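To start, the structure under review is shown below, and the notes come after it.
The values are calculated or read from the model by the stated rules, or taken from the named source; none is laboratory data. It should be emphasised that the depicted structure is a prediction, and the values quoted were computed from it without experimental measurement. Neighbour counts run over all protein chains shown; Cβ positions are idealised from the backbone, glycine included. In case anyone asks, the SASA skips ligands and DNA or RNA and just uses the protein heavy atoms, side chains included. Shrake-Rupley method; radii C 1.70, N 1.55, O 1.52, S 1.80 Å.
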Amino acid sequence: MNKTLKNLSLAAVIIFGLLFTSWKVFNYYWRTKNTVSTFKNFKEPKTVSFSNIKWVSGSYGDLKTEISSFFVKVKLNGIDDSFYMQFDTGTSQSKLYGKTLNALKLKYPSFEFKKSQSGNYWLESSTLSIGAASLQADNLLVLSELGSAEIDSSFTVLGTIGYDAIFGRKLLLDFKKNKLAITNHNLKELEYKFNEIKGASVNQFPILFPAKVDGENVQLTYDTGSSMFPLIMDNQKLQNIESAGSIDTLCCITSWGKSYDFYRRKLNTDIKVGKLIEETPYVYSSNSMSPYDFFPNWIMMGLAGNKMFLDKVILIDTKNNILGIGE
């Protein structure tokens, strides 16, 4: 073997090692470390219990959408008072909003939360009910700076339901009938049929699935909290797309209390996920995505919201590591 071939072989080995190491680091530090088991006990009736999805509209400058985010009605510690929580698979851990709990705790003393030695706030011995199913936690995280002291008696937002609520369980998102269920039941008793997305990984956070974007094989993460976006990514990645229109500047999106300008381009190609095709959509970017900018697209290009799945039924089976799309 001549010197050039030896150098090429060595370079190939180094590149393969870097790729393998990149995936291992991502899988450990971004997935294993961020997969939280908050809810130790889960109870449900003998049949799958569905809850209605409540869509909320939003405005982003001149851009308006009817699917800014979606919520489900909940009970907290058995109390039912038009309480809702946003359903967000893009956050690893369910969170309650401290300002809202403070406004409610005179009426409901069980909403008193405490500060731990670590500096975090927690609501102890909590039961969160979604429909007829209930999730029990020793402690629920409270973000003291979020929420509102102004209570809307018809729509009180207590917080956000994250990936930890479905960890070790199945999530059914029926966007055709606008309902969802968290369950451990065998889904053969239901009428749904699913096409499994090969190569998807849903048994850790974040939820990952393969897709084709701009002719490139990439991985996306499914984020129900980025509802209106078929795909949102880091600003640099948006600029690097080859087959797309000019970049529009939009204002503004809010992520965990911070406001960001965001940008969009219209693809000249389609986004493909299994058999699903989203034809030449707008794709978006924001500085809020900067923590993901150093990941190559084959590890994670960006976040896919609900826009591509609005007329579909989605199965996320975190116990058996299956992502399915039904008709």
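At a glance:
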item: Criterion (in contact with a Leu (Cβ under 6 Å, 6 or more places away or on another chain) and small (Gly, Ala, Ser)) met by exactly one of SER110, SER154, SER126; result: SER126
item: Hits in the stretch 271-295 - residues which are open to solvent by 50 Å² or more (accessible area, probe 1.4 Å) and touching a residue at least 12 places away in the same chain (Cβ under 8 Å); result: LYS272, GLY274, LYS275, TYR282, ASN287, SER290, TYR292, ASP293
item: Flag for ILE151 being within 26 Å of GLU44 (Cβ to Cβ) and hydrophobic (A, V, I, L, M, F, W, C); result: no
item: Selected residue [in contact with a Leu (Cβ under 7 Å, 6 or more places away or on another chain), open to solvent by 60 Å² or more (accessible area, probe 1.4 Å) and of a type in the set (S, T, N, Q)] from ASN102, ASN120; result: ASN120
item: Filter result (within 18 Å of ALA149 (Cβ to Cβ), in contact (Cβ under 8 Å) with a residue 12 or more places away in the chain and part of a helix (DSSP H, G or I)) within the stretch 65-120; result: GLY98, LYS99, THR100, LEU101, ASN102, ALA103, LEU104, PHE111
item: Count - residues of the stretch 297-319 that are open to solvent by 50 Å² or more (accessible area, probe 1.4 Å), more than 14 Å from THR221 (Cβ to Cβ) and assigned to a loop (DSSP other than H, G, I, E, B); result: 3
item: Enumeration of residues in the stretch 186-212 that are closer than 15 Å to MET300 by Cβ and either among the polar types (S, T, N, Q) or more than 22 Å from the chain's Cα centre (by Cα) (or both); result: SER201, GLN204
item: Every residue from the stretch 47-63 that is over 14 Å from LYS177 (Cβ atoms), assigned to a strand (DSSP E or B) and at pLDDT 85 or above; result: VAL56, SER57
item: Residues satisfying the stated conditions in the stretch 148-178, i.e. under 25 Å from SER37 (Cβ atoms), open to solvent by 10 Å² or more (accessible area, probe 1.4 Å) and assigned to a loop (DSSP other than H, G, I, E, B); result: PHE167, GLY168, ARG169
